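The values are calculated or read from the model by the stated rules, or taken from the named source; none is laboratory data. Just so it is clear, the model here is predicted, and its values are computed rather than measured. Note: ideal-geometry Cβ built from the backbone for every residue, glycine included; neighbour counts use all protein chains shown. The area values use the complete protein model at the heavy-atom level, side chains included, leaving out ligands, DNA and RNA. Shrake-Rupley method; radii C 1.70, N 1.55, O 1.52, S 1.80 Å.
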Amino acid sequence: MKPEFTLEQDVSLLSLNSFGINARAHRFLRIENLSQLQAVWEQTQTDAELAALPRLVLGGGSNVILPDHLPHLVLLMAIMGRELVDETDDYFIVRSGAGENWHDFVQWSVAQGYGGLENLSLIPGTVGASPIQNIGAYGLEMQDYFHSLTVFDFVTGELKTFQKQDCAFGYRDSIFKSGEQNRFVILDVSFALPKHWQPRLAYGDVAKYLQDRDISAPTPLDVSDAIIAIRQSKLPDPAVIGNAGSFFKNPIVSAERRNQILQQYPNCVSYSQASGDFKLAAGWLIEQCGWKGRRCETVGVYDKQALVLVNLGGATGADVRTLAQEIQTDVLKKFGVALEVEPVFV
Ligand code: FAD
Ligand code: EPU
């Protein structure tokens, strides 16, 4: 017998997106297990009206900018569960349902004695969204300890396993972000966490935090505590002020281009890449254009971090888009560098 599901209508997404946009969804369903998803897919095979709706798979809503009205079927991912599924001489293989909160999963894995993900502590959102833009922070990307994931393919109705080489992970990118969005619904993600763990302390702020506390042999929990403290000092808490984290990717330019910029702006902040290219600090570029702390009615630029756009109250997706475009125009004019938006505009 097919499991039943009832689509909710005209649902507020205000509390389901970290930018705090007062959006409403035409149709809405909370997905707690695979059977529900399969039942929806089966119905789309015979129900032309349902099949015609655009779909949005939603996790924690911390990397989306929503319009006021979504004509979509919104599928809120709430598949839970986390467990050790295997181990080798070198790795613990840990799997999590897509709907688990990312930070809770990191804290849980550290508490179990599985280090590895602690540099990604406190990133908002769900485990299921973590591969979408290959989340990263403080010298680590999710792909570094990624093992595999399971998807439900909404085109074919099949279940598939993706290994690392299938995901085309890049800086804030993957096949799920750059390819056909919302085709693959991620159901669970597995990580291979190292048994011979070493802390990753390349970021000066992290090393300094530990040094200041005389911690010379940090545990994964010590590193996690350091990351949490640093993030809380720099980034706005979405529960207090709506935002989507970094609004633009840090642009990657050739060594030649970076040298041209340095001749004119010797203080330009940049980081060398393995490819020989350089990553520029977009926050610095935006600050130099005078945008840091600026307010434009409902939206603004965070006063402690120019890479973060914030909701000053009543922001719409259109307001956010306008501000983002103005910043892109100014940075292009001043530095000749095109900034790419990081969150997903729906
Ligand atoms: P959502 O915003 O719900 O969705 C994002 C995209 O993923 C959408 O396209 C959605 O359709 C898709 N999606 C979500 N779940 C699934 C699924 N199960 N299957 C298929 N598609 C899915 N990001 C970083 O990389 N590093 C950071 O340091 C960082 N810091 C942040 C700090 C703050 C304060 C905020 C607000 C955001 C930050 N982010 C950061 C961005 C954000 O936390 C991540 O992108 C996170 O992975 C988004 O998860 P989510 O569940 O909220 O995804
Ligand atoms: N800077 C300024 N002015 C600003 C902000 C930054 O000059 O207003 C310069 C400073 O020199 C600073 C440098 O930029 O040292 C880098 O800033 P920060 O350490 O705050 O990091 P970021 O490059 O702005 C990136 C990620 C974050 C991630 C942190 C830590 C991107 C787009 N952003 O930010 O990810 O948490 O590094 O690793 O890569 C996200 O993706 O949403 C996100 C928050």
> Which of ASP68, ASP153, ASP86 moves the most in a Gaussian network model of the chain with Cα springs under 10 Å?
Replying inline: ASP86
> Between the stretch 254-290 and the stretch 174-246, what's the alpha-carbon centroid distance in Å?
Replying inline: 24
> Between ALA168 and residues 5 or more places away or on another chain, which pairs have amide H atoms under 5 Å apart, with H built 1.01 Å from N, and which residues are they?
Replying inline: ILE175
> Can you give the Kirkwood hydrodynamic radius for the stretch 243-345, in Å, rounded to one decimal and based on Cα pairs?
Replying inline: 14.0
> Can you work out ³J(HN,Hα) from phi for every residue in the stretch 102-111, in order, using Karplus 6.51 cos²θ - 1.76 cosθ + 1.60 and θ = phi - 60°, giving whole Hz and x for Gly and Pro?
Replying inline: 4, 5, 4, 5, 4, 5, 4, 5, 4, 5
>> With every protein chain kept in place and ligands, DNA and RNA left out, what is the accessible area per residue of the chain? Probe 1.4 Å, answer in Å².
In response: 47
> So for the stretch 82-194, what are the equivalent ellipsoid semi-axes in whole Å, largest first, each being the square root of 5 times an eigenvalue of the Cα gyration tensor?
Replying inline: 22, 15, 13
> If you plug each phi of the stretch 87-92 into the Karplus form 6.51 cos²θ - 1.76 cosθ + 1.60 with θ = phi - 60°, what whole-Hz ³J(HN,Hα) values come out, in order, with x for Gly and Pro?
Replying inline: 8, 10, 4, 10, 9, 9
>> Rounded, prolate or oblate, given the Cα gyration tensor of the chain, with a/c below 1.5 counting as rounded?
In response: oblate
>> For a quick check, take a GNM of the chain with Cα springs below 10 Å and name the residue from ASN259, ASN243, ASN22 with the largest mean-square fluctuation.
In response: ASN259
>> Below 9 angstrom from the Cβ of SER270, what's the summed charge of the other residues (Lys, Arg +1; Asp, Glu -1)?
In response: +2
> Scanning the chain for GluC sites (Glu not before Pro) in DSSP loops with at most 13 other Cβ atoms within 10 Å, what's the longest stretch left with none?
Replying inline: 5-157
> Could you give the distance between the Cα centres of the stretch 30-87 and the stretch 299-346, to the whole Å?
Replying inline: 28
>> How large a share of the accessible area of the stretch 231-287, in percent, is made up of carbon and sulfur atoms when the probe is 1.4 Å and the other protein chains stay in place?
In response: 46
> Once the piece of chain linking SER216 and VAL269 is laid out straight, how much longer is it, given 0.36 nm per residue of separation minus the C-alpha distance between them?
Replying inline: 16.2 nm
> Say we join alpha carbon atoms closer than 10 Å with springs in a Gaussian network model of the chain; which of ALA282, ALA98, ALA137 then has the biggest fluctuation?
Replying inline: ALA137
> How high is the relative contact order of the stretch 300-346, given as a whole-number percent (alpha carbon pairs under 8 Å, six or more residues apart)?
Replying inline: 22
> Any idea what the relative contact order of the chain is, in percent, if you count C-alpha pairs under 8 Å spaced at least 6 apart?
Replying inline: 16
> Roughly how many debye, to the nearest 20, is the charge dipole of the stretch 122-234 about its Cα centre, given +1 on each Lys and Arg Cβ, -1 on each Asp and Glu Cβ, and no other charges?
Replying inline: 140
